[in-house]
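Participant: Would you mind keeping the following structure in view while I ask a few things?
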Amino acid sequence: MNQRERMLAGLPYKAWLDGLTEERTACRQKIYDFNMLPPKERKKIPEMLKYIIGKTGENIWIEAPFQCDYGWNIEVGENFFANYNFTVLDIGKVTIGANVQIAPNVSLYTAGHPIHPESRNTGYEYGIPITIGDNVWIGGNSVILPGVTIGNNVIIGAGSVVSKNIPDNMIAVGNPCRVIREITEEDRKYYYKNREFDVPIE
């Protein structure tokens, strides 16, 4: 196994060998072009993102600046939106479902390093996949750590550090992130806390 194959298998690997540096450099050029796009040319955003990201739906939007390592190791579903400063360390596979909304300053970290300093100083690192389901909203300044799966219809509160899986239909918040309650049918009529919609939402 070369180092790229080891990386994709979730095994310890060295990030500067077997063409990985060159792949990251190629991605950085694409990211640079995307992040430097003049405001008058914003209509090019979906097309440029489809050139960076491995698999997308038709409708995709990310506000610059955006950062990732490889791009091809990211998959997003239909109607994907991420706000400013979205960072994805896609050493491990990142799979995101449909209708996902990501607030500013959110980071998805599949990458990690050994705990023991002597092991860490060898240069070995690893990537463990992250999976995010459909209809998920991730609040600002949240961090999703390696190996986490977030279920469908989940809300992650702002400022959360998600180190464990979150089941479907839950609101979870905190550092470490914990489920605080289930989303219910009663929630449908409110747009913010106890404020009810004054417009049809069908």
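Rule-based calculations on the coordinates, nothing more; no lab input. None of these values were measured; they are calculated from a predicted model. So basically every Cβ, Gly included, is an ideal-geometry build from the backbone, and we count neighbours across all protein chains shown.
Participant: With only Lys, Arg, Asp and Glu charged, each at its Cβ (+1 for the first two, -1 for the last two), find how big the charge dipole of region 3-183 is about the Cα centre; round to the nearest 20 debye. It would help to have the intermediate numbers written out before the result.
Facilitator: On the way: 17 positive and 18 negative charges, 49 e Å.
Roughly 240 debye for region 3-183.
Participant: Hey, quick one: spin label on residue 149, modelled 7 Å out along Cα-Cβ, who in region 129-143 has an amide N within reach, i.e. under 15 Å?
Facilitator: Inside the label zone: 129-134.
Participant: In whole Hz, what ³J(HN,Hα) sequence does region 145-151 give by Karplus (6.51, -1.76, 1.60; θ = phi - 60°), x for Gly and Pro?
Facilitator: Values per residue, Gly and Pro as x: 9, x, x, 7, 10, 10, x Hz.
Participant: Also: Mind listing the long-range amide H neighbours of residue 166? Cut-off is under 5 Å, sequence gap 5 or more, other chains count too, H placed in the peptide plane at 1.01 Å from N.
Facilitator: Distant-sequence amide H within range of residue 166: 149, 150, 151.
Participant: Another question, then. Residue-wise, which Karplus ³J(HN,Hα) couplings in Hz belong to region 20-34, taking 6.51 cos²θ - 1.76 cosθ + 1.60, θ = phi - 60°, and x for glycine or proline?
Facilitator: Computed from phi, the couplings for region 20-34 are 5, 4, 5, 5, 5, 5, 4, 5, 4, 5, 4, 5, 4, 4, 5 Hz.
Participant: Once amide H atoms are built 1.01 Å from N in the peptide plane, which residues 5 or more positions from residue 159, or in another chain, come under 5 Å H to H?
Facilitator: The answer is 140, 141, 142.
Participant: Still on this structure, please answer the following. I need the phi-derived Karplus couplings for region 97-108: 6.51 cos²θ - 1.76 cosθ + 1.60, θ = phi - 60°, integer Hz, Gly and Pro marked x.
Facilitator: x, 8, 6, 9, 10, 10, 6, x, 6, 9, 10, 10
Participant: Can I ask one more? Past 23 Å, Cα to Cα: identify those pairs from 55/93; 43/189; 50/164; 43/193; 55/164; 43/93, in the order given. All intermediate terms of the calculation are to be shown ahead of the outcome.
Facilitator: Values: 55/93 11 Å; 43/189 34 Å; 50/164 30 Å; 43/193 35 Å; 55/164 25 Å; 43/93 28 Å.
Checking Cα-Cα distances, 43/189; 50/164; 43/193; 55/164; 43/93 exceed 23 Å.
Participant: Counting Lys +1, Arg +1, Asp -1, Glu -1, what net charge surrounds residue 2 among other residues with beta carbon under 14 Å of its beta carbon?
Facilitator: Values: positive: 4, 6, 14; negative: 5, 18, 22, 23.
Result for the neighbourhood of residue 2: -1.
Participant: Which residues' amide hydrogens lie under 5 Å from the amide hydrogen of residue 96, considering only partners 5 or more residues apart or on another chain, with H built in the peptide plane?
Facilitator: 75, 76, 77, 132
Participant: How are the C-alpha pair distances of region 128-200 spread across 5 Å bins, as whole percents from the shortest bin up?
Facilitator: 4, 17, 25, 25, 14, 9, 5, 2, 0
Participant: Run the Debye formula on the Cα coordinates of region 72-141, all scatterers equal and no solvent, and tell me log10 I(q)/I(0) at q = 0.25 1/Å.
Facilitator: The Cα Debye sum returns log10 ratios of -1.07.
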